[in-house]
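Take a look at the structure set out below.
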Amino acid sequence: MPLLKPRSSDVSWTAVLFALLGIVLAGFAVAQTGPATESGVFLIRAGGRNIGTERFQIRQVATGWEATGELQLEVPGGTRVTETCTLRLDAAWKPASYQREQQSPRKGTLSADFRPEGTRLTAKTDTASEEQIFLLPERELVVLDTNFFHHYGLLLRQYDVARPGPQNFHVFVPQEATPSTISVVLLGKESLAINGAPAELNHFQASTEDIKIEIWATDQREIRRIEIPQATLEIVRQSR
């Protein structure tokens with residue numbers, strides 16, 4: 001079934017992460033770890049240059065979980081990108097709905113409604129609307145929008161530290177309209193300087209056949225740093 005393709009106005013710094021996935025899935029146990037509410041700001045750097053920020057909040061609600069983000073980017077050529085997103089999940093981290101709104105360089109929305117009979121993905125701009133319905137796995141499904149890095153925090157919360165070794169996840173990338181997979185492993189504790197202060201953090205590695213994403217987080221799965229060497233990207237949690 002053909003999938004809805006991303007629009008040319010979308011800026012996807014990490015879309016390459018999911019280009020050629022081929023990981024064999026294995027079962028995993030959900031470990032609901034993390035604070036009931038988490039909020040913060042990521043500084044985004046590309047090629048050693050500051051290019052933007054991402055403000056986010058993850059909070060527990062009556063129906064499960066809600067994660068929101070606001071992205072501000074200055075891309076090459078002086079174009080400013082402004083986007084917001086809202087991801088809602090049930091108590092077992094199963095996605096219920098997702099919406100991403102782009103305010104600039106042009107207005108547009110991308111929304112996904114996750115249902116057992118099929119996921120409805122809709123893209124709208126001021127001049128056009130496109131819709132696709134397709135089937136996704138019912139279990140162990142993770143949403144990773146390649147523009148919003150707090151989604152990796154949701155991924156880490158589902159990693160079961162009681163079961164060492166790689167754990168594999170179904171992934172849905174909304175802006176690529178691509179179902180795929182990703183593998184996560186906890187490599188151990190490491191000392192890292194974050195904003196000039198030393199911290200003892202858990203080093204996770206998320207990988208596909210082609211890309212490795214290095215993630216450092218607290219015991220509560222609060223991300224402090226992400227590195228994607230192949231994309232020359234660094235994402236650092238800012239001090240409050």
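Every number in this text was worked out from the coordinates using simple rules, so none of it is lab data. Remember, predicted model here, so these are calculated numbers, not experimental data. Backbone-built Cβ (ideal geometry, glycine too); neighbour counts: all protein chains shown.
General remarks:
- Among 82-90, 42-50, the order from most to least packed when residues are scored by Cβ within 10 Å on average: 82-90, 42-50
- Dipole magnitude for the chain: about 320 debye, using +1 per Lys or Arg Cβ and -1 per Asp or Glu Cβ, origin at the Cα centre.
- Rel. contact order, % - alpha carbon contacts under 8 angstrom, at least six apart, the chain: 21 percent
- Potential extension, residue 79-residue 190 segment - 0.36 nm per residue separation minus Cα distance: 36.2 nm
- Multiplying the residue separation of residue 128 and residue 61 by 0.36 nm and subtracting their alpha-carbon distance yields 20.7 nm.
- Highest mean first, the peptides 144-151, 196-203, 99-106 sorted by other C-beta atoms within 10 Å per residue fall in the order 144-151, 99-106, 196-203.
- Dipole-positive endmost among 165, 98, 206 within the chain (Cβ charges, Cα centre): 98
- GNM top mover of 163, 224, 55 - the chain, alpha-carbon springs below 10 Å: 163
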